[in-house]
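Q: Pasting in a structure now, in structure tokens, and then I'll have a few things to ask.
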Amino acid sequence: MRLIAALLLGFSSLTHADIQIHEPIVRLLPPGVPNTAAYLKLTNTGSEPRILLGGESDWVEKVELHNHLVQDGMMKMVRQHEVAVGPGETLVFQPGGLHIMLFGLKAPLEEGETKQIRLLFANGEKIQIEARVAKETSNPSHSHHHE
């Protein structure tokens, strides 16, 4: 039964209301590294802008939105307190750019497991996603549902 459920996760619909989540993944880093990042594609299929404020999760201490910016010729990671996604727009959360920082891992991650993250929006909506833990950031399985 678990195998069937795991297979279905890879083919499940990613649409919820006006938000679609594609390819959520949590990066597996070497043992002992206390923080990691999550990557995904977020599409607003609605007619109104949506504001992502951050996230929350039970398996890390803190979830924040971050972006890499070049300032004075140096790459710098900067916290984003909110990120707007306009109607019809897709935001790509990826290494070296906009991403979800996961601070204070409560237990070591294992490749292939799935981790839940709740995305928090300014309108009060929470969208729970399941992101696969992987070394690589391409072709992840995916799923999400509304709380």
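Q: Condition check: part of a strand (DSSP E or B), β-branched (Val, Ile, Thr) and surrounded by fewer than 12 Cβ atoms within 10 Å (Cβ to Cβ). Does Val70 satisfy that? Don't jump to the end; show me each part of the working.
A: Details: part of a strand (DSSP E or B): yes; β-branched (Val, Ile, Thr): yes; surrounded by fewer than 12 Cβ atoms within 10 Å (Cβ to Cβ): yes.
Yes; evaluated as a whole, the condition is true for this residue.
Q: Is one or more of the residues making up region 60-83 in contact (Cβ under 8 Å) with a residue 60 or more places away in the chain and of a type outside the set (D, E, K, R)?
A: No, region 60-83 contains no residue that is in contact (Cβ under 8 Å) with a residue 60 or more places away in the chain and of a type outside the set (D, E, K, R).
Q: How many residues does region 89-147 contain that are part of a strand (DSSP E or B), modelled with pLDDT of 95 or more and on the phi < 0 side of the Ramachandran plot? Steps first, answer last, please.
A: Taking region 89-147 first, the residues part of a strand (DSSP E or B) are 90-93, 99-105, 114-121, 126-134, 142-146.
Checking which are modelled with pLDDT of 95 or more leaves us with 90-93, 99-105, 114-121, 126-134.
Then keep just the ones that are on the phi < 0 side of the Ramachandran plot; that gives 90-93, 99-103, 105, 114-121, 126-134.
Within region 89-147, residues that are part of a strand (DSSP E or B), modelled with pLDDT of 95 or more and on the phi < 0 side of the Ramachandran plot number 27.
Q: Working only within region 49-63, note down all residues that are under 13 Å from the mean Cα position of the chain (by Cα), surrounded by fewer than 19 Cβ atoms within 10 Å (Cβ to Cβ) and within 21 Å of Glu89 (Cα to Cα).
A: Leu53
Q: A further question on this structure: Search region 1-35 for residues being within 19 Å of His68 (Cα to Cα) and surrounded by fewer than 19 Cβ atoms within 10 Å (Cβ to Cβ), and hand back the single one that is modelled with the highest pLDDT.
A: Residue satisfying both the conditions and the ranking: Asn35.
Q: Only one of Leu69, Leu53 is at pLDDT 95 or above and hydrophobic (A, V, I, L, M, F, W, C); which? Lay out the reasoning, then the answer.
A: Working: Leu69 fails: at pLDDT 95 or above.
Checking each option against the conditions leaves just Leu53.
The values are calculated or read from the model by the stated rules, or taken from the named source; none is laboratory data. All values derive from a computational prediction rather than experimental measurement. Backbone-built Cβ (ideal geometry, glycine too); neighbour counts: all protein chains shown.
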